[in-house]
Amino acid sequence: MLSNDAFRSFVILNPTSAAGATGRRWDRIAKLLRSSLGTFEHAATQKPGEATALASAALREGFEMVVSVGGDGTLNEVVGGFFEGAVSIAPNAVLGVVAVGTGCDFARTIDQANLESACARLRGRRTRCIDVGLARFISHDGAPTTRIFINVASFGCGGLVARLVSPRLKAVSGGLAFTLATLRALATYKDQIVTLKFDDRPPRTLAITNCAFGNGRFFGAGMQVAPAAQLDDGELDVTIWSGFRLTDFIRKRHTLYDGSHVREPGTEVSRTRRAIATSESSVLLELDGESAGRLPAQLEVLAGALRLKV
């Protein structure tokens, strides 16, 4: 029976997360969810992009909370279902997060320690308004595209890493998968010339290894790319790496995980509400760890646009 203080909830499950671990653990997850939500409806995704359609349909049917059970890619798709372009289709609807994937970078920002704590925080009706990012860019098939991101968007080497990461290895170990893909990308990557314009500031043209826009703090299965990022400050934290090579990654890898890389030479940090990035080269873009497309891109923050269950 649905408890009096629980949201009417729809759960979207990615059964392939962690090499099928979500599916194998579904009985346990469902039991924990029932203890927090009472009764709920759910659906399992069968193909990429389906979580967005499922979330959108659930919200239009009047569900008060949509819960993402999966990794960062599943979460990205679920959050996308809350919006049409930059407009929320259900402003009072709530997002619930149960991270059971391999990277779980957004879960690190919200301090989700484990499966039990993730399900426990779904109890009651306490929520927090957070920001999301809106990206307009060119998809891999050449079409102008608009997508929401909740954690981090990046382009340059990060976009290449997202394209190179092995889905099979990622299902076993997200950290190892992203580390090996990063090593492979940096072995051949050369800085690309990009023109950046932040808010009303003059445009700048510079050579970048990677440029990341953080709503959350982590990407790449635990790399603290934007250590000062806040989910509700109305800005994206920008981290620009220039002249970063394979040897730097090997020697300074620990600084990426503890966040101290922002004090290293060749690293620049800034904040912006809106950014435009262009290049004459084909610069790859990733959103929440998934290969999305390429520049030119416009990235902006939608302040307080999403209610998160806390």
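The values are calculated or read from the model by the stated rules, or taken from the named source; none is laboratory data. These numbers were taken from a predicted model, which means no experiment stands behind them. With ideal geometry, Cβ positions are generated from the backbone for all residues, glycine too; neighbour counts draw on all protein chains shown. We work out accessible area using only protein heavy atoms, side chains counted, and drop any ligands, DNA or RNA first. Shrake-Rupley method; radii C 1.70, N 1.55, O 1.52, S 1.80 Å.
Just a few scattered comments:
- Note, ³J(HN,Hα) from phi for segment 225-237, Karplus 6.51, -1.76, 1.60, rounded to Hz, x at Gly and Pro: 6, 9, x, 9, 5, 10, 6, 9, 9, x, 9, 9, 7
- Placing unit charges on the Cβ atoms of the charged side chains and taking the dipole of the chain about its Cα centre, the candidate lying farthest along the positive direction among 55, 221, 29 is 29.
- The calculated FRET efficiency for residue 195 paired with residue 247, based on their beta-carbon distance and R0 = 30 Å, is about 0.60.
- MRE, 222 nm, helices only [DSSP H, n ≥ 4, -39500 (n - 2.57), over the chain, to nearest 500]: -8500 deg cm²/dmol
- Taking 0.36 nm per residue of separation and subtracting the Cα-Cα distance, full extension of the segment from residue 61 to residue 25 would add 10.2 nm.
- GluC sites (Glu not before Pro) restricted to DSSP loop in segment 218-296 with at most 13 other C-beta within 10 Å: 280
- Taking the longest Cα principal axis of the chain as reference, the axis of helix 174-188 is set at about 20 degrees.
- Residues with amide H under 5 Å from that of residue 238, placed H, sequence gap 5 or more: 214, 270, 271, 272
- For mean projected area of the Cα convex hull in nm², the value calculated from this model appears in (1) 19.6; (2) 14.6; (3) 16.5 under label (2).
- Computed with a 1.4 Å probe on the full set of protein chains, the accessible area for residue 217 sits at about 50 Å².
- Extension reserve of the residue 257-residue 298 stretch, reckoned as 0.36 nm per residue once the Cα distance is removed: 12.0 nm
- Using a probe of 1.4 Å on the protein chains alone, the accessible area found for residue 282 is around 80 Å².
- For the chain, lysine pairs separated by 8 or more sequence positions, or belonging to different chains, with Cα-Cα distances below 24 Å total 4.
- Here residue 278 and residue 34 are evaluated by their C-beta separation; at R0 = 45 Å the FRET efficiency comes out at 0.35.
- Rolling a 1.4 Å probe over the protein heavy atoms gives the chain an accessible area of 42 Å² per residue.
- Within the accessible area of segment 136-262 (1.4 Å probe), percent carbon and sulfur: 57 percent
- In the chain, the longest principal axis of the Cα atoms and the axis of helix 50-60 are about 50 degrees apart.
- Between residue 41 and residue 140, the contour length at 0.36 nm per residue exceeds the alpha carbon distance by 32.2 nm.
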